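Heads up, the thing below is written out as structure tokens.
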Amino acid sequence: MADVSDPRPLGLQKPAVFREVAVVGGADVADVPSSPVLVSGDGAPSLSRPRGSLYLDKSSGDAYTATDSAGTWALLEGGGAGLRVGETGVTAADIAYDDSATDILTVPAGQEYLITDVYMLVPDTAWDGNGTMIVGDDGDDDGFLSLSNANLAGSAVVGLAVNERGDLLFGSGSSHVIRGHILAAGESVTATPTAGTSTQGEVAIQVHYQRIG
């Protein structure tokens with residue numbers, strides 16, 4: 001029977017201990033070395049903690065739970081990136097003719113992405129003049145798309161036809177095959193416009209990707 005003389009709410013009269021964090025329980029419990037803990041760090045967890053422990057990746061916002069006490073962790077739903085291994089995502093950015101180089105997507109710490117498709121959508125504002133744009137990664141600045149002024153002034157999506165894709169998604173020389181391109185943590189998909197004589201123009205670049213690590 002509960003101690004009715006204790007002024008605290010019944011559920012809080014005897015909190016158990018989740019290592020350093022108090023949680024509601026039914027009895028007084030001392031700190032137990034094998035009980036779960038709450039920890040955080042930068043990047044995916046590699047440390048060993050008791051089964052049931054929780055880990056927060058401060059760089060991406062992802063949360064993990066320990067499935068054993070030997071260093072095996074499972075990514076929980078939600079979090080900063082919101083993608084678990086195998087899940088796919090789409091992101092896009094509007095790029096104007098006079099913008100500087102713009103990172104459309106950057107892979108979070110501790111993760112790895114497969115870039116499957118990159119498209120230029122129908123321009124919001126057709127480009128005049130002779131401006132152009134390239135879309136690539138840190139090692140190949142036009143590896144995804146190389147957009148001519150005709151593309152940027154047109155009214156069609158670019159990237160649907162395989163021969164409109166850059167070498168990173170279509171291959172070069174005799175190796176023209178549809179493929180994806182892997183980006184490691186910290187690497188980006190970057191759009192770089194060159195204004196030339198253009199005085200107007202804006203277009204959306206859309207990136208499709210899958211988390212693979």
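The values are calculated or read from the model by the stated rules, or taken from the named source; none is laboratory data. Keep in mind the model is a prediction, meaning the values are calculated, not measured. Backbone-built Cβ (ideal geometry, glycine too); neighbour counts: all protein chains shown.
Here GLY52 does not fit the description of being surrounded by 14 or more Cβ atoms within 10 Å (Cβ to Cβ) and either in the same structural domain as PRO193 (by TED's automatic domain parsing) or in contact (Cβ under 8 Å) with a residue 40 or more places away in the chain (or both). Checked against the criterion of being in contact with a helix residue (DSSP H, G or I) (Cβ under 9 Å, 6 or more places away or on another chain) and over 19 Å from ASP99 (Cα atoms), region 141-152 contains one or more residues that satisfy it. Here ASP138 passes the criteria (1) more than 17 Å from ASP62 (Cβ to Cβ); (2) touching a Leu at 6+ places or on another chain (Cβ under 9 Å); (3) buried (at least 21 other Cβ atoms within 10 Å of the Cβ) except the one numbered (3). Please tell me if ALA96 is hydrophobic (A, V, I, L, M, F, W, C) and surrounded by fewer than 15 Cβ atoms within 10 Å (Cβ to Cβ). So ALA96 fails the test. Answer yes or no: is there a residue in region 61-74 that is modelled with pLDDT of 85 or more, more than 30 Å from LEU47 (Cα to Cα) and either touching a Ser or Thr at 6+ places or on another chain (Cβ under 8 Å) or among the hydrophobic types (A, V, I, L, M, F, W, C) (or both). The answer is no; no qualifying residue exists.
For the criterion of being within 14 Å of the chain's Cα centre (by Cα) and farther than 12 Å from ILE205 by Cβ, LEU75 passes. In the set (1) within 17 Å of ILE205 (Cα to Cα); (2) of a type outside the set (Lys, Arg); (3) buried (at least 19 other Cβ atoms within 10 Å of the Cβ), VAL90 fails one condition alone, (3).
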